[in-house]
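What follows is one structure encoded as structure tokens, with my remarks underneath.
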């Protein structure tokens with residue numbers, strides 16, 4: 001079945017160019033030119049992915065507001081921001097809100113398609129047991145101290161309380177917690193999350209967002225350690241329980 005992509009872009013020319021690109025590649029496109037129109041439609045039914053411009057008409061951060069709206073309905077729906085503004089600032093802001101990726105409108109259509117398909121593959125690794133078996137043959141469920149991750153049902157619990165994370169942050173967390181006290185470089189965490197590109201701030205922003213979600217449940221949470229100049233590690237029990 002063809003994947004449905006919601007495209008929210010206020011520039012008519014850019015929007016139609018993206019529609020043509022996506023439809024040529026067998027995606028079903030639901031296109032909107034404003035945040036209110038998109039919210040009205042998305043409140044009824046959600047697509048398989050959302051591509052969001054940041055500035056929408058007179059709303060300079062309309063895309064950010066729309067991302068918040070979507071995340072209230074689904075923590076797992078893949079979200080990609082499209083923007084022509086300052087990349088570093090927008091990337092940080094978008095990832096903090098729970099977006100999975102960030103694409104400059106200056107990118108070629110071929111590169112945009114690669115990023116879209118890459119994110120869909122990540123989604124499939126959660127939704128499809130057969131794909132998950134190929135990617136993670138031995139660790140469908142992870143118990144690490146007070147942390148429990150069930151990849152098949154996409155459930156994360158800390159001290160019995162649910163933690164909602166976007167897909168990218170789930171993979172990063174899983175990579176850290178699977179091997180406690182083992183330092184993971186930014187590059188290895190990118191690989192674990194299947195991030196095909198990254199600004200210098202991408203992994204740190206994701207890490208900070210993960211910490212914030214856990215601290216909302218447990219203010220004393222301090223399991224993710226910065227290993228200055230090297231990467232990050234998960235502190236805790238040196239052994240984990242893995243279920244097949």
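With 115, 121 as the choices, which residue is part of a helix (DSSP H, G or I), at pLDDT below 85 and surrounded by 15 or more Cβ atoms within 10 Å (Cβ to Cβ)?
115
Collect the residues in the range 32-47 that are surrounded by fewer than 18 Cβ atoms within 10 Å (Cβ to Cβ) and either within 21 Å of residue 123 (Cβ to Cβ) or without any contact (Cβ under 8 Å) to a residue 12 or more places away in the chain (or both), keeping them in residue-number order.
36, 37, 40, 41, 44, 45, 46
I'd like to know if the range 147-164 contains one or more residues that are in the same structural domain as residue 225 (by TED's automatic domain parsing), surrounded by 15 or more Cβ atoms within 10 Å (Cβ to Cβ), modelled with pLDDT of 80 or more and within 21 Å of residue 117 (Cβ to Cβ).
For the range 147-164, residues in the same structural domain as residue 225 (by TED's automatic domain parsing), surrounded by 15 or more Cβ atoms within 10 Å (Cβ to Cβ), modelled with pLDDT of 80 or more and within 21 Å of residue 117 (Cβ to Cβ): absent.
Which number in (1) farther than 24 Å from residue 71 by Cα; (2) in a strand (DSSP E or B) marks the one condition that residue 181 misses?
Among (1) farther than 24 Å from residue 71 by Cα; (2) in a strand (DSSP E or B), the lone unmet condition for residue 181 is (2).
Just give me the residues in the range 25-61 being modelled with pLDDT of 95 or more and more than 24 Å from residue 167 (Cα to Cα), in sequence order.
If the condition is that a residue be modelled with pLDDT of 95 or more and more than 24 Å from residue 167 (Cα to Cα), then 32, 33, 34, 36, 37, 40 are the ones that fit.
Could you count how many residues in the range 201-231 are in contact with a helix residue (DSSP H, G or I) (Cβ under 7 Å, 6 or more places away or on another chain) and at pLDDT below 90?
Residues meeting the conditions: 6.
The values are calculated or read from the model by the stated rules, or taken from the named source; none is laboratory data. Quick caveat: nothing in here was measured; it's all calculated off a predicted structure. Positions of Cβ are backbone-derived with ideal geometry, glycine not excepted, and every protein chain shown enters the neighbour counts.
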